[in-house]
Amino acid sequence: MRPRKKFDTKVAEGDMTAMIDMVFQLIIFFMVLINFSQDDQNDKIKLPSSELAKPADAPLTFPIVLHLDSTGAIYVGSEVATVESVAPMLRTEIQLLVSRNQSAKDANIVIRGHKNTPGGLVQDLIKKCQELGFEKFVLRVREEV
């Protein structure tokens, strides 16, 4: 009978440092690529389409996003208001601007109006913002392809 060879029972373990490093690099890469402008959207608002819509040339300075639905409700972050009651929320934004040594004239009001929102409601919202000192307005629409 032939004697059997004894095999080393140690398990070969690989160095996981390179794998972990690569995973963290991929996480950082995809975090950089995430489009954070999606956070400014509200699922209740269905934008109207336009053939004349074009993307902005440069990023907006201090955008204040107002979501206006077809019933006249205005969503500012998690708060809900009407055209008549939106002023206190906008004054809070003005205080934030002042703390950054800016004024309401430096901010951009981004209005995302639902496609069924009456135009007069959008005009009333713009007028209320102008009363508080805002001068720059951006109306969001869905670009038609």
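Annotations
- In the stretch 69-92, the residues that are assigned to a loop (DSSP other than H, G, I, E, B) and acidic (Asp, Glu): Asp69, Glu84
- The stretch 97-110, subset free of Cβ contacts under 8 Å to residues at least 60 places away in the same chain and of a type in the set (Val, Ile, Thr), residue nearest to Asp124 (Cα to Cα): Ile109
- Counting only residues that are surrounded by fewer than 11 Cβ atoms within 10 Å (Cβ to Cβ) and either more than 21 Å from the chain's Cα centre (by Cα) or hydroxyl-bearing (Ser, Thr, Tyr) (or both), the stretch 57-91 holds 4 of them.
Residues are listed down the side, and each one gets a yes or a no for (1) closer than 19 Å to Thr117 by Cα; (2) modelled with pLDDT under 70; (3) in contact with a Lys or Arg (Cβ under 7 Å, 6 or more places away or on another chain); (4) of a type in the set (Asp, Glu):
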site: Asp15; (1), (2), (3), (4): no, no, no, yes
site: Ala18; (1), (2), (3), (4): no, no, no, no
site: Phe24; (1), (2), (3), (4): no, no, no, no
site: Phe30; (1), (2), (3), (4): no, no, no, no
site: Asp39; (1), (2), (3), (4): no, yes, no, yes
site: Lys44; (1), (2), (3), (4): yes, yes, no, no
site: Leu47; (1), (2), (3), (4): yes, yes, yes, no
site: Lys54; (1), (2), (3), (4): no, yes, no, no
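- Subset of the stretch 65-96 that is hydrophobic (A, V, I, L, M, F, W, C) and without any contact (Cβ under 8 Å) to a residue 24 or more places away in the chain - its residue that is farthest from Leu125 (Cα to Cα): Leu96
- Restricting attention to the stretch 98-145, the residues being exposed (fewer than 13 other Cβ atoms within 10 Å of the Cβ), part of a loop (DSSP other than H, G, I, E, B) and of a type in the set (Val, Ile, Thr) number 1.
The values are calculated or read from the model by the stated rules, or taken from the named source; none is laboratory data. Quick caveat, the model's predicted, so the values are computed rather than measured. All Cβ positions, even for glycine, are placed from backbone atoms using ideal geometry, and neighbour counts span all protein chains on display.
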